[in-house]
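Structure first, then comments.
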Amino acid sequence: MSTLVARPISTERLDLLPLRVEHAEEMALVLSDPGLHEFTGGTPDTSHTLRSRYERMIAGSPDPAVSWLNWVLRLRTESCLTGTVQATVGPSGDGLTAEIAWVVGTPWQGRGIAREAAGALLSWLREQPVRTVVAHIHPDHRASAAVATAAGLAPTDAWHDGERRWQLALGG
């Protein structure tokens, strides 16, 4: 059974803060650019929709063997939220696997924030009993591929819903 809990993580520039419902209003602004959905589909959520989603996410997975871990990214120098990282951790054939994802709002892209946050998440996951880390990345999303590469993940031959599976073995 996976019982991991998101804890605050700090980097040189960022505070990765465990997600709270109160983050919804600011995050709706951070994620308001329709261009953020170019590779994932959908449209930006309103603060009301995010609030409802965050309530469900914070309540946790209905499967007790799966942990939903979500953080917002706070850029300390600007004292604002800039994006999110997440990990869904659950059992697989050889131990726990973490499926990770990240998003950084358009105004903060190109500044290494996603790379720094994903690296911090991977460092945290290395301290947990996680054996494998996975991300699914659209083949045309070069920025996400660069973040995954910097975090140590490598592309595999596996595909899911039009996205390539990237993977890193941690050993756990």
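The values are calculated or read from the model by the stated rules, or taken from the named source; none is laboratory data. Keep in mind that what you see is a predicted model, and the values were worked out from it rather than measured. Note that each Cβ is placed from the backbone with ideal geometry, even for glycine, and that neighbours are counted across all protein chains shown. Accessible surface areas use protein heavy atoms only, side chains included; no ligands, DNA or RNA. Shrake-Rupley method; radii C 1.70, N 1.55, O 1.52, S 1.80 Å.
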Inset, instruction - With a Förster radius of 30 Å, plug the Cβ-Cβ distance of ALA150 and ILE58 into 1/(1 + (r/R0)^6) and report the FRET value to the nearest 0.05. - result: 0.55
Inset, instruction - Average the reciprocal distances over every distinct pair of alpha-carbons in segment 50-93, invert the result, and give the Kirkwood radius in Å. - result: 12.1 Å
Inset, instruction - Find the eigenvalues of the gyration tensor of the Cα atoms of segment 121-167, then list the square roots of 5 times those eigenvalues as equivalent ellipsoid semi-axes, largest first, in whole angstrom. - result: 20, 12, 7
Legend entry - Of all accessible heavy-atom area on the chain, the percent that carbon and sulfur account for (1.4 Å): 51 percent
Inset, instruction - Largest first and to the nearest Å, give the Cα extent of segment 1-88 along each principal axis. - result: 37, 33, 25
Legend entry - Sequence of THR82, THR156 from largest to smallest accessible area, 1.4 Å probe: THR156, THR82
Inset, instruction - Tell me the GluC sites (Glu not before Pro) within segment 67-172 that lie in a loop according to DSSP and have at most 15 other beta-carbon atoms within 10 Å. - result: GLU78, GLU127
Legend entry - Semi-axes of the equivalent ellipsoid for segment 55-137, Cα gyration tensor, largest first, Å: 25, 15, 10
Legend entry - Per residue solvent-accessible surface (Å²) - the chain, probe of 1.4 Å: 53 Å²
Inset, instruction - Ratio to report: Rg/Rh of the chain, with Cα atoms as the point set and Rh obtained by the Kirkwood method; give two decimals. - result: 0.93
Inset, instruction - Report the full-extension gain for the segment GLU127 to GLU99: residue separation times 0.36 nm, less the Cα-Cα distance, to one decimal in nm. - result: 8.5 nm
Legend entry - Computed [θ] at 222 nm, helices only, for the chain once each DSSP H run of length n ≥ 4 contributes -39500 (n - 2.57): -7500 deg cm²/dmol
